[in-house]
Amino acid sequence: MSELATKLDHVQTRFEEAVAAATDERALDAVRVAFLGRSGEVTTVRRGIGALPPAERPDAGKVINAAVERMESALADATARIENRAFEAELAQSVDVTFPAIAPTTGSIHPVRRVLQDAVAYFERHGFATVLGMEIEPDYYTFDALNIPATHPAREGFDSFFISDTLLLRPHTSPMQIRTMQSHEPPIAVVAPGKCYRRDAVDARHLFQFHQIEGLLVAEGIHFGHLKGMLTGLCRELFGADQRVRFRPSFFPFTEPSAEVDTTCPKCKGRTSACNMCGGSGWIELGGAGMVHPNVLREVGYDTEIYTGWAFGFGIERLALTRYDIDDIRRFVECDPDFLTQLA
Ligand code: PHE
């Protein structure tokens, strides 16, 4: 037995030297055959078992098997080491690991959405809730309840896409005034942003699908000054600290008095006559506003002796054109990634 163990030790020592000397997989294979192969050195040692006294044979077998296991795992380690080295050599040749990585293209928030989010955030900060309506509305919510009877010429102003005789793609967000007031008692303070549709010919200033943000405040003692304050704050939030707003008398059936709202041109600040954003007027038109018409409050069952309110509706694309000094509203829907990331 001890003679066999000594032999095995020798074999193992030479095996380890051979493995260490092997530099590629072929050399390793040769080592495997020479030591563990059918006529390899370990097999020769194993044959010696026959010459041992029968009582020693099982232990001798175990010692040899353990040695074989160690050798096999040494071979596996060596193989992995060699493969790794080969891979690294290949990598070093073909890849410059110091080269800057290719950055994955990431999206950016669309400018229209960004303006919408900023406007909504401003109102939420002032205690308004955000409500989202449906893009298809019955004519009742779009017109009748907003004090626009069937025969009223104001309906023509909202050149609408009709789905059926009474259903249409909403041409403004004002239906949400009615829906909110019908389902809630005053005081009401909401904004309703969302998509609107009108049968407008597409040009640099018009899209047939666009966004509005509606605002509605109804409570006791609400007056025009509150409207002016909130809209001035909105313009300062979106365009800068020195913005002012002005109201021009106008007409909407659902407000009285009604106004068109302008803000000082953020580009020229009203100073130059050659400004291509405001056309030299110094003002940018944002949308409509006014005090909620008593007929509208009555329609939803509010007591007009107690409650008054204001409402406004602004075009979000209009706000975004002004904020980012964009020449053509169609850019918002052309999805040119270069254009969109510039504004990100
Ligand atoms: N809904 C009107 C429009 O789209 C805007 C508006 C809203 C005017 C609220 C007054 C009050 O033209």
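The values are calculated or read from the model by the stated rules, or taken from the named source; none is laboratory data. Given the structure is predicted, the values throughout are model-derived calculations rather than measurements. Here the Cβ is made from the backbone with ideal geometry for all residues, glycine too, and neighbour counts use every protein chain on show.
Here are some notes:
- Of the criteria (1) away from the ligand (no atom under 16 Å from the Cβ); (2) without any contact (Cβ under 8 Å) to a residue 40 or more places away in the chain; (3) charged (D, E, K, R), which one residue 237 fails: (2)
- Which listed residue, of 123, 99, is surrounded by 14 or more Cβ atoms within 10 Å (Cβ to Cβ) and outside the structural domain of residue 45 (by TED's automatic domain parsing): 123
- Out of 33, 63, 11, 45, sole residue that is within 16 Å of residue 76 (Cβ to Cβ), over 60 Å from the mean Cα position of the chain (by Cα), β-branched (Val, Ile, Thr) and not in a loop (DSSP other than H, G, I, E, B): 33
- Pick from segment 193-217, criterion more than 20 Å from residue 247 (Cα to Cα) and in contact with a Pro (Cβ under 7 Å, 6 or more places away or on another chain), ranking: surrounded by the fewest Cβ atoms within 10 Å (Cβ to Cβ): 198
- The number of residues in segment 253-290 that are within 25 Å of residue 184 (Cβ to Cβ) and either within 9 Å of the ligand (Cβ to nearest atom) or part of a loop (DSSP other than H, G, I, E, B) (or both) comes to 8.
Yes or no, residue by residue, for (1) within 24 Å of residue 262 (Cβ to Cβ); (2) more than 16 Å from the ligand (Cβ to nearest atom); (3) surrounded by fewer than 19 Cβ atoms within 10 Å (Cβ to Cβ); (4) of a type outside the set (S, T, N, Q):
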position	(1), (2), (3), (4)
297	no, no, no, yes
303	no, yes, yes, yes
306	no, yes, yes, yes
317	yes, no, no, yes
320	yes, yes, no, yes
333	no, yes, yes, yes
338	no, yes, yes, yes
342	no, yes, yes, no
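- Condition check for residue 60: exposed (fewer than 14 other Cβ atoms within 10 Å of the Cβ), at negative phi and modelled with pLDDT under 90: no
- The one condition in (1) surrounded by 19 or more Cβ atoms within 10 Å (Cβ to Cβ); (2) away from the ligand (no atom under 13 Å from the Cβ); (3) assigned to a strand (DSSP E or B) that residue 137 fails to fulfil: (2)
- Being among the acidic types (Asp, Glu) and farther than 15 Å from residue 123 by Cα is a description that applies to residue 256.
- Looking only at segment 174-183, and only at residues there that are part of a helix (DSSP H, G or I) and in contact with a Leu (Cβ under 7 Å, 6 or more places away or on another chain), the one that is nearest to the ligand (Cβ to nearest atom): 177
- One residue alone among 171, 186 is assigned to a loop (DSSP other than H, G, I, E, B), more than 14 Å from the ligand (Cβ to nearest atom), modelled with pLDDT of 95 or more and crowded, with 17+ Cβ neighbours inside 10 Å, and that residue is 186.
- Output for segment 189-224, where each listed residue is away from the ligand (no atom under 15 Å from the Cβ), touching a Ser or Thr at 6+ places or on another chain (Cβ under 9 Å) and assigned to a strand (DSSP E or B): 219, 220
- In this structure, residue 143 does not qualify as touching a Ser or Thr at 6+ places or on another chain (Cβ under 6 Å) and of a type in the set (Phe, Trp, Tyr).
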